[in-house]
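The values are calculated or read from the model by the stated rules, or taken from the named source; none is laboratory data. Fair warning: this is a prediction, and the values are worked out from it, not measured in the lab. Cβ: placed from backbone, ideal geometry, glycine included. Neighbour counts: every protein chain shown. These accessible areas exclude ligands, DNA and RNA; they are computed on the full protein's heavy atoms, side chains included. Shrake-Rupley method; radii C 1.70, N 1.55, O 1.52, S 1.80 Å.
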Amino acid sequence: MSFEELLEQVGGFGPFQLRNVALLALPRVLLPLHFLLPIFLDAVPAHRCALPGAPANFSHQDAWLEAYIPREPDGTLSSCLRFAYPQALPNTTLGEERQSRGELEDEPATVPCSQGWEYDHSEFSSTTATESQWDLVCEQKGLNRAASTFFFAGVLVGAVAFGYLSDRWVPESARWLLTQGHVKEAHRYLLHCARLNGRPVCEDSLSQEAVSKVAAEERVVRRPSYLDLFRTPRLRHISLCCVVVWFGVNFSYYGLSLDVSGLGLNVYQTQLLFGAVELPFKLLVYLSVRHAGRRLTQAGTLLGTALALGTRLLVSSDMKSWSTVLAVMGKGFSEAAFTTVYLFTSELYPTVLRQTGMGLTALVGRLGGSLAPLAALLDGVWLSLPKLVYGGIALLAAGTALLLPETRQAQLPETIQDVERKSAPTSLQEEEMPMKQVQN
């Protein structure tokens, strides 16, 4: 008797499995709320240098700012610099300080904000950037963006440290228990499964002796390790490609999600749009993986992300509506790529290494998510460089996805030999374990 036949006796996929799926889905609903919190916690509102001695009832506020704050090339007041000396303006009187030597220079000297900043509190009353004891703007803006990296680094460490504890809101997999020789515990879970599924079972067919026979067939010689993902040629190829794809998916997704500037909308409207666009793109994934296949869907969604990011570079700053449309489309494609990569990767690895492979690729994915906020600091080199990097990594991941085998309507591999047999059909014939058929 095979394990699949044993599952059929206890009701297959029924209420027992649905309950476990619901328990596992609950944290997945809550996790994105935490992953996107840096958008609000680390937001940087409009700011400028604090100007001591500004008259409270000064009727020409704009003129006062013009005298003390230089303008950027785009015409906006500088956020990080002020004039070393106030500049004279027509028809204004700014006091005796105006007659300083700063007026005599062709290029007025500017200095950093030495006395703090004034922030626009119309949208956020307080963020990590605006706290007076931190002021994580201008020269310190790297620390503010690094806060997101610290968060994702914590997620990465926590996933490793608490992954074992998380298995305590659901039971262990019956198959895993059998492979580890825990026959009594597996037998108890199978009986519990059959009872919840309303499936009467025969004592002979689901006796502990029958389960022991299945365990003997399922028992593995040794526990799988991360090294097993790279021991054989085909698995090594799959693992290396999946690592690149997962890094690219996470890097581009969080790069898009955390960058909400230059869209002409406030942060709340942007997140509403970003959240709403994910629903139709998830439906697109459902249809695409069934008809176009996993590989083309993965590559196509990553390519769409890269094109949206690349096209935004060609849109001028005054065309905010087009920039918003492209950003929303890029967010939708990146979400579709994120959805696809879970399905695609799980079907590439054999059963004995599936969780190990998913753990490795997810670990590298978290690394990509951790580095995404830091890449935004490249705007200090060139304003468009972060988008170019996000799009370039997404394009690299799209090309890498095309190197992976298609899994649509293919048999899910059970063992390492099943994976290698596809590339060497005559070399591994001694083990003929049944494999499950993937229906679309």
Pairs, first farther than 19 Å from Leu23 by Cβ and in a helix (DSSP H, G or I) in region 151-172, second open to solvent by less than 60 Å² (accessible area, probe 1.4 Å) and modelled with pLDDT of 60 or more, C-beta under 7 Å, six or more apart: Phe151/Pro38; Phe152/Arg366; Phe152/Gly369; Phe152/Ser370; Ala153/Ser370; Val155/Arg366; Leu156/Arg366; Leu156/Ser370
Lone unmet requirement of (1) open to solvent by 10 Å² or more (accessible area, probe 1.4 Å); (2) under 11 Å from the mean Cα position of the chain (by Cα) for Leu363: (2)
Residue list for region 151-174, restricted to those being modelled with pLDDT under 70 and among the polar types (S, T, N, Q): Ser166
Meets criteria (surrounded by 24 or more Cβ atoms within 10 Å (Cβ to Cβ) and within 21 Å of Phe281 (Cβ to Cβ)) for Thr324: no
Scope region 206-243; condition over 26 Å from Leu18 (Cβ atoms), within 37 Å of the chain's Cα centre (by Cα) and at pLDDT below 80; matching residues: Arg219, Val220, Val221, Arg222, Arg223, Pro224, Ser225
Tally, over region 36-49, of residues that are open to solvent by 20 Å² or more (accessible area, probe 1.4 Å) and of a type in the set (A, V, I, L, M, F, W, C): 6
Output for region 291-340, where each listed residue is under 16 Å from the mean Cα position of the chain (by Cα) and among the basic types (Lys, Arg): Lys331
Residue match in region 14-21 (condition: open to solvent by less than 80 Å² (accessible area, probe 1.4 Å), of a type outside the set (S, T, N, Q), closer than 17 Å to Gly369 by Cβ and not in a helix (DSSP H, G or I)): no
Residue count for region 380-401, restricted to those that are hydrophobic (A, V, I, L, M, F, W, C) and outside any helix (DSSP H, G or I): 3
Long-range neighbours under 9 Å by Cβ, at least six apart or interchain, first residue under 15 Å from Phe40 (Cβ atoms) within region 114-126, second open to solvent by 100 Å² or more (accessible area, probe 1.4 Å): Glu123/Tyr268
Matching option when the condition is of a type in the set (Ser, Thr, Tyr) and modelled with pLDDT of 85 or more, among Ser78, Ser100: Ser78
Count of residues meeting criterion [more than 24 Å from Thr400 (Cα to Cα) and either touching a strand residue (DSSP E or B) at 6+ places or on another chain (Cβ under 6 Å) or open to solvent by 80 Å² or more (accessible area, probe 1.4 Å) (or both)] in region 284-318: 3
Meets criteria (open to solvent by less than 40 Å² (accessible area, probe 1.4 Å) and modelled with pLDDT under 80) for Glu203: no
Leu343 being over 13 Å from the mean Cα position of the chain (by Cα), surrounded by 19 or more Cβ atoms within 10 Å (Cβ to Cβ), under 21 Å from Gly368 (Cβ atoms) and not small (Gly, Ala, Ser): no
